[in-house]
Every structure is written in structure tokens, then in C-alpha cells.
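The values are calculated or read from the model by the stated rules, or taken from the named source; none is laboratory data. It should be emphasised that the depicted structure is a prediction, and the values quoted were computed from it without experimental measurement. Cβ coordinates were reconstructed from backbone atoms using ideal geometry, including for glycine residues, and neighbour counts include every protein chain displayed. Surface accessibility is based on the protein's heavy atoms, side chains included, excluding ligands, DNA and RNA. Shrake-Rupley method; radii C 1.70, N 1.55, O 1.52, S 1.80 Å.
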Amino acid sequence: MATVSHGVTKAAGPQNLTTYGAVDDQILGAMWTPGRVYWIWLAATGLGVLVGACSWAYQIATGLGSANILHPAMWGTYLVNFVFWVGIAHSGTLISAILFLFRASWRTTISRSSEAMTVFAVMIAGMFPLIHLGRVWLVYWILPYPNQRNLWPNFQSPLVFDVVAISTYLTVSFLFWYTGMIPDLATIRDRTTGMKNRIYGFFSLGWRGSNKSWKHYGTAYLLFAALATPLVISVHSVVSWDFALGVVPGWHSTIFAPYFVAGAIHSGLAMVLVLLIPMRKIFKFENLVTIKVLEEIGKTIILTGLIVGYSYIVEHFLAWYSGGKAEQDQFMWRITGYYSWCFWMMIICNAVVPVVLFFKKVRTNIPALFSIGILVLIGMWMERLVIIVGSEAHEYDPYSWGVYMYPSLVEWGIMIGSFSLFFFLFLLFAKFLPTIAITEVKEAIPVPARNK
């Protein structure tokens, strides 16, 4: 049965966990002894990170020409990956914050992983503008600081937009993530000794669990959730304006802000599935990350998939309704031109595949959910490729038309490195910090009756 506390309906407690100590034992035990499969994946992702680092080092040594970025498509996979990871980053905090504000009980076991996913993804996204610069050691040129060369960045440049947006979002997302972990860090502190006790004690900020501490904690977490929700929408809108401000067919559109936000949430939910399904198996969290929780994520993917599919229809309708010949030709070329296979893969993976989640048998089938998550991530990556590369390759002047043929080995290596780094950081997070919010899981357990 559900329990009611302070006017909020709570779902029944976790399966087979009836005491607070049992919650601590399971979540912290999985963190301290993750098992052999964990170490295999950690080694594999570490190797991928090394491949990415070597590829980037090779590009720095030989120049940006080692990437297949040529006129007119001057933005290749580096900017595709940038927008992809920004979308993943923005969705994590948004999912956690919105579900918290709406008091969705099933967010309990996914909130911590979603928030961590945000922090790691935004860090990786911030690397790609540096990689795309080529001469990364000159990155300080875009920072607004007094200098003897009278060199100031152009504040109308999308590159400066991105610096401000990413740094702001990283700060708020990290604070939101860290604030939620403070009681859990104190729990780890009380169960460790020696150096671990001092480290976790330092980061738990002297937490003692008093009524006053819980009151301030609840207020702070609520304020961060309320701040993060509009911030995510505004920051990802800024990323969309990187393109919308360019007078390029396929980019110069007012629909880009909500279009990008919807796509970010869609890809983020898919990434949550891809992370949680293996995690519940590796750490034996089947009684915490239940089928019911995964089913709720699947239901939400149906909603975001329908919104993304509607955005595709509206985007093509506006191109036709505008009467602009260049705009109409651009969207017709997307359907039938060089990148048409990417376009149709985008449509199928993002708008068609999620429809099968209407069937309960699919929503409750673990392999099917994992496969759908992978397909949606592929589709969202293809969407960014179609938008970024396709529009540049087919602008106004037919004389300057061209195509971005395929990624070079260096680009493939850096792409592999970025995905490996994301999973590597998440695995390290799972080893040193609880991937499930201990405090919130305890809230789902009925309060023990007092002895009379």
C-alpha cells in the first residue's frame, strides 16, 4: 500500500528493504565491492579514453587538417558531438528537478545518476569547442579579461555564448548534485575510518541530521530544483541560437529553442536507460531500480518522442509555408540528398521506434528498453549531423555546395574517447559515491512504530 506523509502520497517502500540499515548496507556494499564485471568495464572505458587522448594529441601535433573538415561544411563531428553532449547534460538535471517539483515517487532511484550524468556530460561537451579550435593553447583569447593587446572577444559570437552558458550550467548542476549528496556523504563518513572518514567528513560539511539541518537542506534542494528547471531551458535555447542566428537555410528558425530542448530531454531519458539497466545488473539493484521505474521512463520517452516527431513535421511545414526557395530546397535535399539515409534513420529512431513503448510488454522488457535507448541515442546523434553538416553543405549558392564525406580516423578516435570518458567517469562515480540517493530511498520506507 501507499503511505501518505505531509499531504504527499508516497509509493510503497523498496522491495526486500524494511529498515534504514538495510538500505545503507545494500547501496554502500555495492559501492565498496562492485565485482569483477565492474573492473572489466572500467578497464575497457579507460582504454577508450587513451585512444581519444592519443587522437587529440595527434591532431594538435599535425594540425586540424587531420580531420575531414573542408569548405563548405566547416563544422564536422566535433560540433555534432558538442551539441549531442550538451543535450545529454541538460536533460539529466531537468529530469531530476522536474520530477522532484512534481513529487514523482519513481524518481528516487534515478535522480542521483541523472544528476551525475549531467555533470560529466557538460564537462565532455565543454571539451569539443577546444578540440575544434585546433590551437587549443590560444583558448584564453575568447575570455573577456583586460590585456595589453587590446584584444576583446566578440560578445555576439556564438562561441562566447557557449562559454557563458556551459560555465553557468556546470556550476548550478554541480551544486544541485552536491547538495543532494550531503546527507549520504555523512552516512558514508559514519561507516568509515581513517583517511576515508576524514575525506567524506570534510565533504559532508559537518552534517549531523538535526531538525534545523534537514529544514535548511530541504529548502536549498527545492530552490536549486526551481532554479535549475528554467536555467536548463534557457541555456539549451542559447545553444540553439548558435545556429538560429546564422542566416543559413535550415538554421534560421524560431522553432529551434523548443525543438532543441525537447530533443535534449528525449536523448537524456534514453541515456538514463542505457546507464541504469547495466548498473542495476552489475550492482544487483533490481529491488531498487525496479521494472516499474523503467516502465515510467519508457512512458516519458513516448511523450518526448511524440514531441520530437511533431517538431520534425512543423519544421518541414514551416519550410514549405515560408515560400523561400532556398529553405524549401534545403529540406527537400535532406529527404532525398546525400544525407538522406541519416535523415530517415533520425525519423525512425527518434519518432517511430518510441511508439512501440505504448505496449506494456515492450515497456516491461529489459532488453527491449535497452535497445530502444540505444536507438534513440543513435537517432539524436544523426539529428545533430543532419542539422549541422547538412545545412552548411547546401546553402544558397549552388557553386559552393559540397558535402562532409565521412569522419577521419582522428575524429573517430576522439569520438570514441568522448563516449569512453563519459562512461569511465560514471563508473568512478559509482565506486566512490552512492549512485542511488540513500536518503530518498529511506523516505519510501514506512517509519517504524515507537515502542509503547
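Quick look at the numbers
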{"quantity": "Helix 36-62 vs. the chain, principal-axis angle (Cα, 0 to 90°, nearest 10)", "calculated": "30 degrees"}
{"quantity": "Candidate lysines - alpha carbon under 16 Å from Lys281, same-chain residues fewer than 8 apart omitted", "calculated": "Lys292, Lys431"}
{"quantity": "FRET efficiency estimate (nearest 0.05) - Cβ-Cβ, Leu47 to Ser167, R0 30 angstrom", "calculated": "0.45"}
{"quantity": "Pairwise centroid distance, computed over Cα atoms, of the stretch 415-437 with the stretch 287-363, Å", "calculated": "28 Å"}
{"quantity": "Taking the C-alpha atoms of the stretch 212-339, convex hull volume expressed per residue in Å³", "calculated": "158 Å³"}
{"quantity": "Stokes-Einstein D in µm²/s, Kirkwood radius over Cα pairs - the chain at 20 °C with 1.002 mPa s viscosity", "calculated": "91 µm²/s"}
{"quantity": "Cα-projected label distance for Ala104 with Tyr399, points at 7 Å along beta-carbon direction, nm", "calculated": "5.3 nm"}
{"quantity": "Carbon + sulfur, % of accessible area of the stretch 101-198 - ligands and nucleic acids excluded, 1.4 Å", "calculated": "66 percent"}
{"quantity": "Point-charge dipole on Cβ atoms (K/R +1, D/E -1) for the chain, about Cα centre, debye to 20", "calculated": "1940 debye"}
{"quantity": "Dipole axis of the stretch 161-244 (+1 Lys, Arg; -1 Asp, Glu on Cβ), positive-most option in Asn197, Ser240, Pro230", "calculated": "Asn197"}
{"quantity": "Dipole moment magnitude, nearest 20 debye, the stretch 22-168 about Cα centre, only Lys, Arg, Asp, Glu C-beta charged", "calculated": "140 debye"}
{"quantity": "Neighbour-limited loop hits for trypsin sites (Lys or Arg not before Pro), the stretch 133-230 (at most 15 other Cβ within 10 Å; DSSP other than H, G, I, E, B)", "calculated": "Arg135, Arg149, Arg191, Arg208"}
{"quantity": "Selected from Pro158, Asn81, Ala121, residue furthest toward positive end of dipole (the stretch 69-221; charges at beta carbon)", "calculated": "Ala121"}
{"quantity": "Mean projected area (nm²) of the alpha-carbon convex hull when the stretch 83-157 is viewed from all directions", "calculated": "7.0 nm²"}
{"quantity": "Neighbour net charge for Arg191 - beta-carbon separation under 14 angstrom, K R +1, D E -1", "calculated": "-1"}
{"quantity": "Accessible area in the full protein assembly, largest first, 1.4 Å probe, for Cys54, Cys349", "calculated": "Cys54, Cys349"}
{"quantity": "Residues Ala220 and Trp344, FRET efficiency given R0 of 51 Å [Cβ-Cβ distance, rounded to 0.05]", "calculated": "0.60"}
{"quantity": "Loop GluC sites (Glu not before Pro), the stretch 227-327, which have at most 15 other Cβ atoms in a 10 Å radius of their Cβ (DSSP)", "calculated": "Glu286"}
{"quantity": "Hits among aspartates and glutamates - C-alpha to C-alpha of Lys284 under 18 Å, sequence gap 8 or more where chains match", "calculated": "Asp24, Asp25"}
{"quantity": "Point-to-point label distance, Arg208-Gln156, nm (Cα→Cβ direction, 7 Å offset)", "calculated": "5.8 nm"}
{"quantity": "Computed magnitude of the charge dipole of the stretch 207-324 (debye, nearest 20; Cβ of K, R +1, Cβ of D, E -1)", "calculated": "740 debye"}
{"quantity": "Leading residue at positive end of dipole, the chain (Cβ point charges), from Trp251, Ser408, Thr93", "calculated": "Thr93"}
{"quantity": "Crossing angle, helix 158-190 versus the chain [Cα axis fit, 0-90 degrees, rounded to tens]", "calculated": "10 degrees"}
{"quantity": "Kirkwood estimate for the stretch 319-452, i.e. one over the average of 1/r between Cα atoms, Å", "calculated": "19.3 Å"}
{"quantity": "Per residue value of the accessible surface for the stretch 311-452 (all protein chains in place, 1.4 Å probe), Å²", "calculated": "50 Å²"}
